[in-house]
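A short reminder: the numbers here are calculations on the coordinates, not readings from a lab. Treat the numbers as computed from the prediction; the structure is a model and nothing was measured. Reconstructed Cβ throughout: ideal geometry from the backbone, glycine too, with neighbour counts over all protein chains shown.
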Amino acid sequence: MKKILLVEDNAIILDNVSEILEFEGYQTVVAKNGVEGLALAKSEKPDLILSDIDMPLMNGYEMLHEIRSDSELEKTPVVFLSVKNHGQELVHGLQFGADAYICKPFDLTELLDTVEKHLNK
């Protein structure tokens with residue numbers, strides 16, 4: 001079973017996405033901010049990380065930087081989920097090292113297709 005770390009400070013989105021992923025057969029681990037997300041990434045070694053960008057304590061970009069700097073995590077696919085849907089934000093996220101960027105609100109099919117694509121790389 002593939003393990004996905006979901007890092008999201010919005011409790012409703014966190015619960016909904018986690019439930020959807022578990023229904024699809026994935027094991028999910030959840031964190032409410034980037035600090036928790038980074039700690040869980042190091043301890044759980046997920047197969048994929050889905051992360052918001054704007055979060056308290058450590059934002060998604062900072063967390064991604066730490067992940068890409070860690071030799072055990074650097075190749076873990078990271079997909080940003082964010083309401084920041086301006087072209088510049090999307091380009092910035094990808095240039096920063098994210099593997100994909102999904103804009104909120106997102107389509108369920110888009111989410112699952114993106115997860116599957118990056119788990120099978």
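For the reader, a short list of remarks on this structure follows.
- Cβ-placed point charges (K, R +1; D, E -1), dipole of the chain about Cα centre in debye, nearest 20: 280 debye
- Legend: ranking of residues MET63, MET58, MET1 from fewest to most surrounding C-beta atoms inside 10 Å; resulting order MET1, MET58, MET63.
- The slack in the chain from ASN120 to ALA39, taken as 0.36 nm per residue of separation less the alpha-carbon distance, amounts to 26.7 nm.
- Cα lying deepest toward the dipole's positive end in the chain, options ILE12, TYR26, VAL83, charges on Cβ: TYR26
- Identified option (computed semi-axes √(5λ) of the Cα gyration tensor in Å; candidates (1) 18, 17, 14; (2) 25, 24, 14; (3) 120, 15, 8): (1)
- Lysine pairs in the chain whose alpha-carbon atoms fall under 23 angstrom of each other, counting only those eight or more residues apart or on distinct chains, come to 29.
- Based on C-alpha pairs under 8 angstrom that are at least 6 apart in sequence, the chain has a relative contact order of 22 percent.
- Maximal additional length on extending the SER69-ILE13 stretch stands at 17.4 nm, based on 0.36 nm per residue less the C-alpha distance.
- GLU22-ASP113 pseudo-label distance in nm [points 7 Å out on the Cα-to-Cβ vector]: 2.7 nm
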